[in-house]
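Working notes, structure below.
What follows is calculated from the coordinates using simple rules that are stated; it is not laboratory data. Small disclaimer: the values here were computed from a predicted structure and weren't measured. We place every Cβ from the backbone using ideal geometry, glycine too, and count neighbours over all the protein chains shown.
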Amino acid sequence: MTDPSRNQRARAKLLSGWRDRAVSFKAVSFGVIGIVNSVVDYSVFLLARATFDRSPAAFAAFDAVAASCHCSTGVTISLIAANVLSWIVAVSGSYIMNSSITFAAESGRKLSWNAYVKFVLSGIVGWVANTATLIVAAEVLLLPVWAAKVIAILASFVVNFSLSHFVVFRARAGATGGGAKDGA
């Protein structure tokens with residue numbers, strides 16, 4: 001009898017985790033928090049963009065950045081700045097809420113810079129998964145853009161939740177009845 005490969009063990013653990021009711025509750029909680037943070041992201045983006053548009057100093061700074069990199073216009077830099085600001089606010093709120101609610105047992109409802117950095121990095125991985133899925137679905141599979149975006153959102157949800165559950169907020173030994181060890 002051969003020992004299952006590492007990939008098979010990881011797959012079995014992932015499937016087992018998704019079947020667990022506690023994980024299902026966490027997935028729903030993670031999704032609701034994601035919706036709240038999408039609203040926050042969108043609202044902060046609109047507010048930042050409106051603020052930048054009304055600020056001659058901001059516009060001058062964005063034009064200077066655009067001129068120095070010869071890569072875009074001040075308007076494009078303004079969009080990027082507003083988008084980065086709104087994403088940072090949303091991902092920070094998401095980390096706080098997920099630490100306090102979704103993964104409260106794993107985090108002990110305590111915030112840490114280490115977990116925050118891991119959460120942000122997992123968010124970036126989720127964004128990459130979202131973008132790659134969007135491009136493949138729209139450009140390779142030739143799906144309508146709206147359908148491609150829905151599939152991309154689902155893909156990034158699975159990636160973000162899985163990374164949060166298994167990496168960022170993985171169970172501490174003894175925290176949830178004998179969770180994974182730190183080295184696991």
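The table below gives the values:
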| item | result |
| --- | --- |
| For the stretch 109-125, Karplus couplings with θ = phi - 60° (6.51, -1.76, 1.60), whole Hz, Gly/Pro x | 6, 10, 8, 9, 4, 4, 5, 4, 4, 4, 5, 4, 4, 5, x, 5, 4 |
| Structure-derived percent of Cα pairs over 20 Å apart - corresponding label in (1) 60; (2) 51; (3) 64 | (3) |
| Between 0 and 90°, nearest 10: helix 145-163 axis offset from the chain longest Cα axis | 50 |
| Degrees, to the nearest 10: 56-69 long Cα axis against longest axis of the chain | 80 |
| 0 to 90° range, to nearest 10: angle between helix 6-19 axis and the chain longest Cα axis | 80 |
| Whole-Hz ³J(HN,Hα) from phi, Karplus 6.51 cos²θ - 1.76 cosθ + 1.60, for the stretch 29-35, glycine and proline x | 4, 4, x, 5, 5, x, 5 |
| Protection proxy ranking of 91-104, 123-136 - average other beta-carbon atoms within 10 Å, highest first | 91-104, 123-136 |
| Å³ per residue enclosed by the Cα convex hull of the stretch 1-102 | 140 |
| Interchain or long-range residues, amide H under 5 Å from Phe169's placed H | none |
